[in-house]
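First up is the structure itself, then whatever we jot down about it.
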Amino acid sequence: MSAPPPSLLVEDLAFAYPDGHQALFGVDLRVERGERVALLGPNGAGKTTLVLHLNGILRAGRGSVTVAGLPVEKRSLQEIRRRVGVVFQDPDDQLFMPTVGEDVAFGPRNLGLPEPEVADRVAAALAQVRMSDAADRPPHHLSFGQRRRVAVATVLAMQPEIVVLDEPSSNLDPAGRRELAEVLAELPVTLLMITHDLPYAAQLCPRSVILDGGVVVADEPTPEVLSDARLLADHRLELPYGFSPAG
Amino acid sequence: MGAAHGGALTARYMPGGTAVHRLEPHVKLVSVLAFALVVVATPVHAPWAPVAYAGYLLAVLTAATVAGVGPGRLLRGLVVEIPFAAFAVLLPFVAGGPQVEVLGLSLSRSGLAAGGGLLAKATLSVLAATVLAATTEPRALLRGLERLRLPQVLVQILMFMIRYADVVGGELHRMRVARESRGFTGGGLRGLRVLGATAGALFVRSYERGERVHLAMLSRGYTGSVPTGPPAPVAPRSWAVALSLPLAAAAVLAAGMLAG
Ligand SMILES: Nc1ncnc2c1ncn2[C@@H]1O[C@H](COP(=O)(O)OP(=O)(O)OP(=O)(O)O)[C@@H](O)[C@H]1O
Ligand SMILES: [Mg+2]
């Protein structure tokens, strides 16, 4: 056999919301196993809409999504949701169980894993995000940054093929932002990261994709994207004051 | 984000390590329920009823002492009883039958017994529930309810209530701060309209949060039931300790029935 199938393959994906608003107009995206890709684009570009297709929450109007060779379809949903770990923007939406440990266990238990294995996965996932001490605490007693990291642990416990993060650095203080970056940099998984934080993309993702108006308008190594002032300006992307993409 | 640490629901819980704290939540639930049943089963018009109430009171106060729940906490627990109390106080005035004179007022004898009985029964049950709430964390109570086979849907609703009470409370608080920061003082018809709009906005926000939480649950393989870990085995001693409260009450009741 040849190389493993790409972790994520999106082909000609188009989608309109039920109210008729068309958000995606034929998106193509291929992410190889182990890659780390930043998904950039202005507000309303369709980034979150794309993410909701990756684990079958929204169903493609046209085109297809394939995760490690398995097409996203109604009958493959359970397996797709194991393979694609989505970390949503507001950790209060993601953490709904009474304690951190139970929350991280929610996914593995839905997979029907035996209890000792569930416990192993919870411990490993919490260790990966450096939150092992918080297993018995209620999520609402944690700081925002800690909750964000626990939200990452909840998907790591599923041992996903690809982790998708929707604006992971938003609302974090500088230390929380750095701590999350340290955690993400060490994760041995394929990563797709939506962000408006261009330095974060530069730090964590060698490759960047710009989505605007529901189509992919750029797909290049991150340093090249960030040093193309014209490209950035055309798509309402801005580097913070004083930041130089050359690093 | 502004979720208050602790929060409204956890405020009822008093952390501790007493024998009562250590009991399994579902064992405590059964105990309190059984106690309340014995209390309610006591016939109000029996002449020995007041003695039985005193016996129950002794039993529940003993439990409170073992649990380290002080008089102040018990009294605060009784606040929920005020509407019942008002009703019970009315009964002697409105009920018919033979009358007695008390301090120049003509009161119904059966109304007095019924009102007094109602008050005593409510008070005793609330005291037992207060001890339960003070010694059991809300989420542990939930697990207890689940072990007692309360339907999953109800358990999940209660679980989300506990989890999101602080989040929604925080949202309400931020909306109030935002209102007042722009000079709103409340009062009058306009005030009511503004509060109505706030309630509407809160409902919409909570509804949308519900949708997002549901998405997040689906994304992790939710199919309708929230799986919990294996239940811990219960030592027979736990049952013995917990059931001593309703058994003591039942003994008082039985004694009253035999003597009466
Ligand atoms: N439930 C919905 N119904 C109708 N239209 C929607 C819905 N959700 C999003 N849209 C529209 O679809 C388009 C893409 O939205 P999407 O949320 O995917 O953007 P985004 O790239 O994630 O933006 P942001 O950076 O602000 O998060 C927007 O024009 C938005 O108004
Ligand atoms: Mg978005």
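Quick notes
- Those residues of the range A:170-194 whose amide nitrogen sits under 13 Å from the label point placed on residue A:33, 7 Å along Cα→Cβ: A:189-190
- Antiparallel bridge percentage (DSSP; both residues within the range A:8-234; nearest 5): 55
- Chain B shape via C-alpha gyration tensor axes, a/c threshold 1.5: oblate
- Low-density loop positions, trypsin sites (Lys or Arg not before Pro), the range A:27-108 - DSSP coil, at most 15 other Cβ in 10 Å: A:33, A:59
- Under-5 Å amide H pairs with residue A:36, H placed in peptide plane, nonlocal only: A:191, A:207
- Number of partner chain Cβ atoms within 10 Å, mean per residue of A:77-83: 2
- Separation of the residue B:45 and residue B:18 label points, Cα + 7 Å toward Cβ, nm: 3.9
- Here the Karplus curve 6.51 cos²θ - 1.76 cosθ + 1.60, taken at θ = phi - 60°, turns the phi angles of the range A:115-124 into couplings of 4, x, 5, 4, 4, 4, 5, 4, 4, 5 Hz, with x standing for Gly and Pro.
- Vicinal HN-Hα couplings computed from phi for the range B:47-57 (Karplus, 6.51 cos²θ - 1.76 cosθ + 1.60; Hz; Gly/Pro x): x, 8, 3, x, 5, 4, 4, 4, x, 4, 4
- Cubic angstrom per residue, convex hull over Cα atoms of the protein assembly as shown: 219
- Cα-based shape type of the range A:8-234, given that a ≥ b ≥ c are square roots of the gyration tensor eigenvalues and the cut on a/c is 1.5: oblate
- Around the Cα centre of the protein assembly as shown, unit charges on the Cβ atoms of Lys, Arg, Asp and Glu (plus for the first two, minus for the last two) sum to a dipole of about 1740 debye.
- Applying a DSSP loop filter and a limit of 15 other Cβ atoms within 10 Å to the GluC sites (Glu not before Pro) in the range A:27-103 leaves A:32, A:73.
- Cα gyration tensor shape of the range B:80-188, rounded if a/c is under 1.5, else prolate or oblate by comparing a/b with b/c: oblate
- Among B:244, B:31, B:106: highest mean-square fluctuation, GNM of chain B, C-alpha pairs under 10 Å: B:106
- Simple Cβ-charge dipole of the range A:8-234, Lys/Arg +1 and Asp/Glu -1, about Cα centre, in debye nearest 20: 340
- When you restrict to C-alpha pairs under 8 Å that are six or more residues apart and normalise by the size of chain B, the relative contact order lands at 36 percent.
- The protection proxy used here, the mean number of other Cβ atoms lying within 10 Å of each residue, ranks peptides A:112-123, B:118-129, A:214-225, A:233-244 as follows, highest first: B:118-129, A:214-225, A:112-123, A:233-244.
- Between A:99, A:127, A:39, the Cα set farthest toward the positive side of the dipole of the range A:8-156 (charges on each charged residue's Cβ, about the Cα centre) is that of A:39.
- Share, in percent, of DSSP beta bridges within the protein assembly as shown that are antiparallel, nearest 5: 60
- The length gained on full extension between residue A:78 and residue A:119, counted as 0.36 nm times the residue separation minus their Cα-Cα distance, comes to 12.7 nm.
- To the nearest ten degrees, helix B:138-147 and the longest principal axis of the Cα atoms of chain B are 70 degrees apart.
- For chain B, the longest principal axis of the C-alpha atoms and the axis of helix B:152-181 are separated by about 60°.
- Look at the stretch A:101-107: the mean tally of other chain Cβ atoms within 10 Å of its residues' Cβ atoms is 4.
- Once the Cα atoms are used to define both axes, helix B:236-259 deviates from the longest principal axis of chain B by about 40 degrees.
- Under Karplus coefficients 6.51, -1.76 and 1.60, residue-wise ³J(HN,Hα) of the range B:64-77 in Hz, glycine/proline x: 4, 5, 4, 7, x, 8, x, x, x, 5, 5, 5, 5, x
- Put simply, the amide H of residue A:217, placed in the peptide plane, has neighbours under 5 Å in A:210, A:211, A:212, leaving out anything fewer than 5 places away on its chain.
- Here r is the Cβ-Cβ distance between residue B:243 and residue A:203 and R0 is 51 Å; the resulting FRET efficiency, rounded to 0.05, is 0.25.
- Each helix, a run of at least 4 DSSP H residues, gives -39500 (n - 2.57); summed and divided by the residues of the protein assembly as shown, these come to -17000 deg cm²/dmol at 222 nm.
- Qualifying chymotrypsin sites (Phe, Trp or Tyr not before Pro) in the range B:175-247, where qualification requires a DSSP coil assignment and no more than 15 other C-beta atoms within 10 Å, comprise B:184.
Values in this text are rule-based calculations from the coordinates and carry no lab data. Nothing here was measured: the structure is a model prediction, and the numbers come from that model. Please note: Cβ atoms are built from the backbone with ideal geometry, for glycine as well, and neighbour counts cover all protein chains shown.
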